[in-house]
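Each reported figure results from applying straightforward, stated rules to the coordinates on display, with no laboratory input. The structure displayed is predicted, hence computed values, not measured ones.
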């Protein structure tokens, strides 16, 4: 009988300990934004997909499909959907997407960080979408990726998003 009580108590302590090990939303956001900056400063992944004029690296577990707008691609992982927007006319050092983010006062920016590296400008940001969800945004020059996310795996999502965004190449047509 004592053994059953001991096992029950030990199980409760273990459960409470493991539950406490998960990162808070704030920790996920801080880690994700900082890690996205690190990804920005690394060598981009080599593209493994070509959709229309866009070459990009798509990590394992993600799928990509065209949308009706040739500037947008829909990227999915399980039930999560991401929008990749490519502005063909913006250069690597463009901060257009960042300026648009800063000028939109409709949603509170929880955290943002800009980075300039090797002639390119980029940023990662997390905005409050509603009480339960966050808008995750990453950008490099004229390429932006965003998603609406709940409070799980925000850090990894930001890293994957920046990895994808940094890998984008626009195929030039031969004239």
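Numbers below:
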| quantity | calculated |
| --- | --- |
| Cα centroid separation - segment 106-175 against segment 46-99, whole Å | 11 Å |
| Dimensions (Å) - the chain, Cα atoms, principal axes, largest first | 84, 34, 31 |
| Bridge type composition, segment 23-170 - antiparallel percent by DSSP, nearest 5 | 100 percent |
| Computed [θ] at 222 nm, helices only, for the chain once each DSSP H run of length n ≥ 4 contributes -39500 (n - 2.57) | -11000 deg cm²/dmol |
| Length released on extending from residue 89 to residue 74, taking residue separation times 0.36 nm less the Cα-Cα span | 3.4 nm |
| Between 0 and 90°, nearest 10: helix 154-167 axis offset from the chain longest Cα axis | 20 degrees |
